[in-house]
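Just so it is clear, none of the values below were taken in a lab; they were calculated from the coordinates. In this text the structure is predicted, and so the values were computed from the model without any measurement. Reconstructed Cβ throughout: ideal geometry from the backbone, glycine too, with neighbour counts over all protein chains shown.
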């Protein structure tokens, strides 16, 4: 085997991997686009860097200031996982779905976007209402 045929083989493998990677990225962002549309947000926001995180923060009902936490190295890992958990809960899914979104986003984002999952509302707002309920002062019955 000469150098040129071996070089061509590696070039073909690299091109194939690039095409595979592009397909995974397109499928992931298409699922994100459909999730945004289901939540009543513009789909094109899914492809705009940083703005897509802001829209996702709005979908889950957290304050937009959370974008700062997502931009700080190391802290962003914790808040990113938390954001994905709130996102899955906003579509009526469990923590197991969140794990799937973290490990295989190219599978679980399209499942959420193109599947039968419905946007049930911001999960963070629901959690806020529950916290207000538990922190409210106790009421005493009238005697």
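Of the residues making up the range 15-38, those that are more than 29 Å from residue 90 (Cβ to Cβ) and touching a residue at least 12 places away in the same chain (Cβ under 8 Å) number 0. Residues in the range 110-119 that are surrounded by fewer than 14 Cβ atoms within 10 Å (Cβ to Cβ) and in contact with a helix residue (DSSP H, G or I) (Cβ under 8 Å, 6 or more places away or on another chain): 118 only. State whether one or more residues within the range 96-109 are surrounded by fewer than 19 Cβ atoms within 10 Å (Cβ to Cβ) and over 13 Å from the mean Cα position of the chain (by Cα). Taking every residue of the range 96-109 in turn, at least one turns out to be surrounded by fewer than 19 Cβ atoms within 10 Å (Cβ to Cβ) and over 13 Å from the mean Cα position of the chain (by Cα). Annotation note: Cβ proximity below 9 Å between a residue of the range 44-59 that is in contact (Cβ under 8 Å) with a residue 12 or more places away in the chain and a residue that is in a helix (DSSP H, G or I) and surrounded by fewer than 15 Cβ atoms within 10 Å (Cβ to Cβ) (sequence gap 6+ or interchain) occurs for 50/71; 53/71.
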